[in-house]
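One structure is given below, encoded as structure tokens.
Laboratory data are not the source of any read-out in this text; all were calculated from the coordinates shown. No experiment lies behind these values; they were computed from the predicted model shown. So basically every Cβ, Gly included, is an ideal-geometry build from the backbone, and we count neighbours across all protein chains shown.
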């Protein structure tokens, strides 16, 4: 991935080094990639239904529609001159900028305005409008404050635990969370939130899968349009993203955690589905092709 001459986004809030803080518990929303694996592993050792643990983790990350927690602006606490993650931070800022440029252009084509999210870098834990975010949950988007939360230590976890390394694998993770923000901007999040109270957990899990697969498709569409506007992808980059998508499918995570697969508890989709929908977005660039909600086959 060639980012040397790319500009960096200013929509980054650096809370690394901050001790974190509390936050109100909100409604259920999208679960971060890491949170799925943590919940499944915990369910194996604790003997608890993984759907229960996934629901608990999702509650922390959900949108707090009724009464968002009051957020304070946290000043950066990492000295830029001695920042051990300086290179990774610049990469994140450049990827974020490319999402802003691309989605702004796509929204203009739709006759709409794109309001980019803030990406929060933190270490360990931090307060959000969706409750307390923790590194174990993985990267996640909070509709309550329209921010993406990322502990960059997750990138190390991707390499060690998921065997998914590479700069474009990291870009895919960020683009997927930005995809959730795009859903929020388009009004999709509000519609799916309204459906939740009318469904059982098993029924809503099926909706959650479609939400997550659409975010994968949006990530692929972003890569398509961003690369067409200004080529930055190397030949093996897409393979890195597909490897990451394959590693974090619900079936792969459940099989690794307890040797069995429980389809009714899927919240993100199988490995094959995640790969398929990223490729759908990347190969076509057509946002209409990312309509997972009307697709008969995922």
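One table, with the values for the structure above:
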| quantity | calculated |
| --- | --- |
| Relative contact order for the stretch 163-298, counting Cα pairs under 8 Å that sit 6 or more residues apart, in percent | 35 percent |
| For the stretch 238-290 and the stretch 77-154, distance of Cα centres in Å | 22 Å |
| Packing-based ranking, highest mean first, of 238-248, 284-294 given that Cβ atoms within 10 Å are counted | 238-248, 284-294 |
| Sorted peptide list for 151-158, 227-234, criterion being average Cβ within 10 angstrom, highest first | 151-158, 227-234 |
| Contour excess over end-to-end distance, with Cα ends at residue 199 and residue 165 and 0.36 nm allotted per residue | 8.5 nm |
| Per residue convex hull volume, Cα atoms of the stretch 190-298, in Å³ | 106 Å³ |
